[in-house]
Each structure stands twice: as structure tokens, then as C-alpha cells.
Amino acid sequence: MSSPICEALLEMHYFRALVRHFKSILGADQLQILKPTQQREKWLGFDQGFVRGPRAGRALEGELKDFIHSNVRPLSVFRAFFLQFKVVDQRRSRRGAPAGWTKPWYSADLSTSPDKDTKISQHETLVRLSQLPNTEVAYACPMLFGLGDLVDEPDPATLRTVDVRSAPSGWLTSGGHRLAFQDPVAQAFWCSEPIPAKDWNFTEALERLPRLDEEHLRKFMGEVRGLVWEDTDRPFRRKVLPPSLIVVGTNR
């Protein structure tokens, strides 16, 4: 049964909760939100972006577009999380379900047809975006199936976020693929051939950030010093690091 809830309503329902969540990850005073227009979304692939970095708005969207479609690395360094919302339908027939599944089951169709302007599918656009360092990209699959579910405050437990990096290769422009769930809390699968998908884990996402031990930190400081100034041009010794750089250590 097709969901009566449209994608735009689902985005609105979870928006404030997502803002609070990403403030806690990226910093309340650093969080920037990207919400592409419908015309620009087809070039970028995502509905909502949550970013920490020096660039914002159209400037950052332009850098992302250049990376996705021309493999040009952005000039700015940032940390980002991107979400593409998908409407999840409740299936009351076993038709199309993985072997052994019972009804009802749940699915969200992927957009794998090439766009007439971009020449690639939405799914391929997101896969390419996920290859950008310090970037996490996910399909957001709300487990809400009636308009009455939108009355209450959003429950983060009802929003399944599936890591795009876990998608099988070869699906970039081939049709008929979807995300499938036996029930709202069960393992997600990439289908038609069921392949386990990976739920987004925000803690794991942060763990993928590079960590500096003492040896790597000394090397990093040397590189920064070489970029900021050259000793041969100065008759006196300067501080190793510029005052704008702060190095923070943790015991994690």
C-alpha cells in the first residue's frame, strides 16, 4: 500500500529534530544547513545537508556539484552529513519480497534512471557524493505510514538512515532496485537481490575521522609551519603554529 505521506512532509516533520542532532555533532555555533532547490537537487542528489566548514550556501553547493560531475575536489575543508528522504511503502502482498519474508513488509524505491540533464541517476549522484572525504551520505527512510503519525513530536527511532556506501556496485543506472525492511526495526536490505545494508551510525561516522598520534602530530605541525612561513625569509625565529590554529587532544 502506497504511503499517503509525501516526501516533503516527512522532511518537515523531522527537520527540527535533525537540526538538534547535528548541532550536538558539528557544534551549535558552526552548523550550516544546505537545502537545494528542486532544480539544483538533481545535480546534488540530497534533500538536506548539515555542514561544518568555511563555505556555505550556493558556494558550497557549487563545489559539491563540481566534485560529483567533474571530480574536482572542493577548495574548502568541511565535515558534512547529507540525507535523501525516501517514502517507505507498506507492502501487504509478498510479491517482490525476498525469499522467506512474510507480509506486511516495507520498501522504498531507489531512483536509478539517468536524469536528462545530469545524465546520471539520483542514486549514482549520491554514490559519487559519498566518496568525498569527511562526508557521510544516507537514505532517510521514515517508518511513518499515516498522516496521523505526523501529529506527535518526531521520534528519532522511527527514522531509518541507510549508509549509501553500503550499496552494491552495478546499480547506478539499472532499474527496479529498492531498500527493503521485513519490519520497521529489522535489518535493511538492498533489493531486488537481497544484500544487507548498513544503517547509519553517527558514532561510527565520527570514528572514521583521522586521528593523530604524537608522531603524526609533529609531522602535521611541520607541514603547517612550512605552509605559513619560510624560515629562510626571516632573520628571527617565529612561533611554530599560527594563532588561528588550535590542536585539541582527546583520550578516545
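Structure above, values below:
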{"item": "Under-5 Å amide H pairs with Ser113, H placed in peptide plane, nonlocal only", "result": "Gln122"}
{"item": "Tensor-based shape of the stretch 76-173 (alpha-carbon gyration tensor, a/c under 1.5 rounded, otherwise prolate or oblate)", "result": "oblate"}
{"item": "Violating pairs (Cα-Cα greater than 25 angstrom) within the set Lys65/Lys119; Lys86/Lys198; Lys116/Lys198; Lys65/Lys86", "result": "Lys116/Lys198"}
{"item": "Rh by Kirkwood over Cα pairs, then Stokes-Einstein D for the stretch 1-55 at 0.890 mPa s and 25 °C, µm²/s", "result": "194"}
{"item": "Beta bridge orientation in the stretch 1-150: antiparallel %, DSSP, nearest 5", "result": "65"}
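A short reminder: the numbers here are calculations on the coordinates, not readings from a lab. These figures come from a predicted structure and were not determined experimentally.
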